[in-house]
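The next block holds one structure in the form of C-alpha cells; read it before the comments.
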Amino acid sequence: GFPDCYQLRGSVKERYIQVGNAVAVPVALALGYTLGLAIQGLSDNKPLITLPFKYPSCLAQPLAIVEDDDSS
C-alpha cells in the first residue's frame with residue numbers, strides 16, 4: 001500500500017483516479033530493484049525475487065462447472 005505520510009491531492013474524482021492508476025509502493029520498489037540488477041547485468045537466469053504463494057489451497061480445489069438448466 002501507500003506510506004502513511006502519502007497525501008492524495010485534487011478532487012474526490014481525481015483522488016480515485018490516482019489510486020486506480022497507482023502502482024503500490026512495494027511493487028514499484030521490487031520492480032525498480034530487479035530492473036536495475038538486470039540492466040547492470042547482475043542477474044542470471046534464476047529469479048531475483050521469489051514471491052510467496054498466498055492462496056495454495058484455492059488451487060487444490062476442483063473448479064465447479066455451472067451449467068444452465070434449460071429444461072423448464
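The values are calculated or read from the model by the stated rules, or taken from the named source; none is laboratory data. In this text the structure is predicted, and so the values were computed from the model without any measurement. Here the Cβ positions follow ideal geometry from the backbone for every residue, glycine too, while neighbour counts run over all protein chains shown.
Results, tabulated for the structure shown:
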item	result
Filter result (modelled with pLDDT of 85 or more and not in a loop (DSSP other than H, G, I, E, B)) within segment 39-59	39
Within segment 1-18, tally of residues that are surrounded by 10 or more Cβ atoms within 10 Å (Cβ to Cβ) and either in contact with a strand residue (DSSP E or B) (Cβ under 8 Å, 6 or more places away or on another chain) or part of a helix (DSSP H, G or I) (or both)	5
